[in-house]
Structures are given as structure tokens and as C-alpha cells.
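> After the C-alpha cells below, expect a handful of questions from me.
The values are calculated or read from the model by the stated rules, or taken from the named source; none is laboratory data. Here the structure is a predicted model, which is why all the values come from computation and not from measurement. Note that we place each Cβ from the backbone using ideal geometry, even for glycine, and neighbour counts take in every protein chain shown.
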Amino acid sequence: MYLADSRKAEAAAPGTRPGRRPAALPGTVLALGAVSLITDISSEMVSAVLPLYVVTVLGLSPLGFGVLDGINNGVGALVRLSGGHLADRGGGRRHKSVAGIGYGLSALCKPVLLFAHSLPVISAVLAVDRTGKGLRTAPRDAMISLASRPEHRGRAFGVHRAMDTTGALLGPLAAFAVLRAAVDGYDAVFAVSGCVAALGVLVLVLFVPGQIAPKDTEPSRNRPALRDSVALLRRPGLRRLTLCATLLGLTTVSDSFLYLLLQRELRLPAQLFPLLPLGTAAVFLLLAVPMGVLADRTGRRRLFLAGHGSLLLGYGLVLAPLQGAPVLIAVLVLHGAFYAATDGVLAAATAGVVPAEHQGAGQALVGTGQALGRFACSLAFGSAWSLWGGRTSLAVTAAALAVSALTASIVLRGTDRDAQCSADRDTDEVSA
């Protein structure tokens, strides 16, 4: 009932009857949230066991795992811009199709992990999986942006990220249960993950509307070239966001490395390793919506930078000569708060400085910069760990993050003001 009512309000939004306001949370956001929830269960089942699987079962070095983790973050970045650009070329009618191809590719990759027992094969499978993620991310975020009112985008992305994180919370639990119940635990995790991913694709096909743009909007006759999408960086607000997302990504240690450090520093049993992401996911789930609402009210730039401050505190606790459960809980809380204050907030900030017809490309540009930064960080951190050890590598990264956050706070001055002006223009256009 709610989905049907929300879709009616959403469809009427561009040409709304006088006196009728569109829903603050459209059905499209909930439907995409459900797709992300299911897909994230599948992805996190694999992510929860993959670090331990490749390091302990396959015997890869930290540098080898750094290559795998870099692929996880970097390959998708190479196709993300193409995914956003292709979606925009349909005038709002192609976002679902491009996203569906991305979700489908990732679903097909999960069962193939059953036959991957070497670094080259696993790298190839992860490359295809991340290609799917790169294709779907920008069109998905563009659909959320186009379906939501400008003043409610922080809340919309917060709700979506909360549903997505529910999947991240359930995925490691499912992996833990399968590992305990199955004889060939890792193979069973990969097989179940593939089935869950297929269900996510089915929900996308059945419940996400095929057209997000207003029905009376015709696709552009002059379809934009890829260089036109890249030319969006001429916009000062988008250029600053992309620069800072890239810079901060260069100093953000991947989740897998952070969990490996926690497991080694606190001497946790290997069986508990898949449960470490649960702490992060639980905090992210609790804070995603409040942080989105707070970003709408106080400014997305401030909250985005505050989130990286939370991450820096977490690095400090890992480096501190402390032991015990309180340290583990505090680090996971700070890690979850970092994601709640940055993930959806950055997407909402991007939506505020990009025209509606270029939402896919705009989201892709910022996301690509951030992903490339994290790709480089994974490679560098894996190499540094092999040479210096995990603690020294994290100390260097923490110092670099502090410098990057200070630089970003200077570069991003005025971004919230630019976004507010853009939001006011969008609201006026909707009301006209």
C-alpha cells in the first residue's frame, strides 16, 4: 500500500496538483533500499570471509591481499563514470536498465568463487564483480536524487543507506552461521551468496519503476558525449567535492585491513573475524537516518568532514597501547559513525551541485575519485604492511588523514552555500 501510494505521489511531483505535496520519502527510495539490502547481504557474506580465506587458506601475503582489496575498490571506479554517463543518455529512462546490468553481473560472480583457488582467478572474479558495482552505483544514486525533493535528499540517502546497512549487518551473520553449519564452509558461503544476489536482481526488476524522470520530459536529442560528463568538473562545487573525496580516499584504510589489524592487535579468535563488520554495520544502521536529517539542517560539508574526524579517532585507538573489549567496541562505533556521516551525505551533497539531467554522471565523478583514492590506498597500505608492519603503516596513514582533512576543510568552504542555492533553484523549478 505504501509503495503504491508513494509512487503515485512521486509520479505527480513534477506536475503536482495545486496544494498537494510530494511524499518526503518516495516509494522509489524504499524499493531501491530493498534491492540494496538484499544485495548487501550477498556481498557482505563474501566480504566477511574473504580476507581470512585468502590469507589463511590460500596463504596470500598482506601485499597479495592489498592487490585483491585494491581491485575491490579500484576496478569499479574505472567503469563508474561510464555507468553514470550511459544512464543519463536515456533522459532518466535508462537508469534502471544500467543498474540492472550491474546487479546482474555481481550476482553471476558469486557462484564462480567456488572454483577460484588462486590469486589470478580470484582477482578476475572480483574485477567483474566490481565492474557490476561500478555500473550500478551512479544510476542508483541518481534515481534516489531524482525521486526526492532537494531539501529531503539527506534523509532519502540516509534511509537508503540504513536499509543497505541492514544487509551489511545480516550478511556477516549469515556467513558466520553457514561457516558453523557447513562442512565446506567457505564454498557454502559463496553458493548461498549467489542465490541471495539473484533475489536482489528480481526485486529490482519487479518493484523499481523504469522511469524516474518526469513523464513529460523528452530525452535529449543531442545525446551527451562522455567528454560532456567529464566537463561537469568545470562546476566549482562539484570540482571541490571530487577533489576532496579523492584526497580523503587516499588516506582511508579499507575495512578489511582495519579488521585484520583489530583481529591481530586484540588477538581475537579466527572464528569471530566475520562478526567484526557487525559492529560497524550496527552503528551505521542506527545513525544513517539521523545523520542524513542533520546534514539537511546543518550542512553536508561539515558532517562529511566530521565523519573523517571520527575515523581518525578510531585509528588512534587502534594504535593506542590498550587491550580488551572496550577498545574493540569504541573502534567499531567510531568506524560506523564515519560511514553514517560520509556515505549518503556525500551523495546528497553531490546531488545538490549537479543538474537533474546529469545526476548519474555527477554522482559517478565524485564516486570515481573516491574509489580511485581508496584503490591507491589499498595498494600502498598492503605494500607498507609488508615492509614496516601494520601498526607503523596505520600511524603513517593516520597522520596523512589528519593533513587531508585539514586541507579538505579549506577547499570545501562555500560548498554548502552553493548546494543551497542550487536546491533553491530546483525547488522553484518544481513549484513552477
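> Right, Ala384: of a type in the set (A, V, I, L, M, F, W, C), within 22 Å of Thr252 (Cβ to Cβ), out of contact with any Pro (no Cβ under 8 Å at 6 or more places or on another chain) and modelled with pLDDT of 85 or more or not?
So Ala384 fits the description; yes.
> Whether any residue in region 329-347 is more than 30 Å from Gln263 (Cβ to Cβ), at pLDDT 90 or above and touching a Ser or Thr at 6+ places or on another chain (Cβ under 8 Å) is what I want to check.
yes
> Being modelled with pLDDT under 80, in contact with a Gly (Cβ under 9 Å, 6 or more places away or on another chain) and surrounded by 13 or more Cβ atoms within 10 Å (Cβ to Cβ) is the filter here; which residues of region 194-226 pass it?
Passing the criteria: Gln211, Ile212, Ala213, Pro214, Thr217, Pro219.
> Does Leu312 satisfy the criteria of being assigned to a helix (DSSP H, G or I), surrounded by fewer than 24 Cβ atoms within 10 Å (Cβ to Cβ), among the hydrophobic types (A, V, I, L, M, F, W, C) and modelled with pLDDT of 90 or more?
yes
> Does region 366-375 include one or more residues that are over 17 Å from Leu243 (Cα atoms) and touching a residue at least 12 places away in the same chain (Cβ under 8 Å)?
Within region 366-375 (the criterion being over 17 Å from Leu243 (Cα atoms) and touching a residue at least 12 places away in the same chain (Cβ under 8 Å)), the answer is no, since none of the residues qualifies.
> Can I ask one more? If Leu287 satisfies all but one of (1) under 22 Å from the mean Cα position of the chain (by Cα); (2) closer than 23 Å to Ala399 by Cβ, what's the number of the condition it fails?
Tallying (1) under 22 Å from the mean Cα position of the chain (by Cα); (2) closer than 23 Å to Ala399 by Cβ, Leu287 fails exactly one: (2).
> Out of all the residues in region 89-127, which are charged (D, E, K, R) and at pLDDT below 80?
Result: Arg89, Arg93.
> Another question, if that's okay. Do we find that Phe284 is at pLDDT 90 or above, crowded, with 19+ Cβ neighbours inside 10 Å, on the phi < 0 side of the Ramachandran plot and part of a helix (DSSP H, G or I) in this structure?
Answer is yes for this residue.
> Would you mind stating whether Ala116 is surrounded by fewer than 24 Cβ atoms within 10 Å (Cβ to Cβ), more than 16 Å from Leu204 (Cα to Cα), of a type in the set (A, V, I, L, M, F, W, C) and touching a residue at least 24 places away in the same chain (Cβ under 8 Å)?
No: the conditions fail for Ala116.
> Related question: Let me confirm something: among Leu272, Leu276, Leu248, which residue is part of a helix (DSSP H, G or I), more than 18 Å from the chain's Cα centre (by Cα) and crowded, with 21+ Cβ neighbours inside 10 Å?
Leu276
> Of these, Gly76, Gly70, which one is at pLDDT below 75, within 24 Å of Ala147 (Cβ to Cβ), within 21 Å of the chain's Cα centre (by Cα) and not in a loop (DSSP other than H, G, I, E, B)?
Just a single option satisfies the conditions, and that option is Gly76.
> Now for a separate question. Restricting attention to region 387-422, and to residues there that are crowded, with 19+ Cβ neighbours inside 10 Å and more than 17 Å from Tyr315 (Cβ to Cβ), which single residue is modelled with the highest pLDDT?
Result: Leu412.
> Take Ala376 and decide whether it is assigned to a helix (DSSP H, G or I) and surrounded by fewer than 19 Cβ atoms within 10 Å (Cβ to Cβ).
yes
> Something else about it: Can you say whether Thr166 is in contact with an Asp or Glu (Cβ under 9 Å, 6 or more places away or on another chain), buried (at least 21 other Cβ atoms within 10 Å of the Cβ), in a helix (DSSP H, G or I) and among the hydroxyl-bearing types (Ser, Thr, Tyr), as far as the supplied structure shows?
Yes, satisfied.
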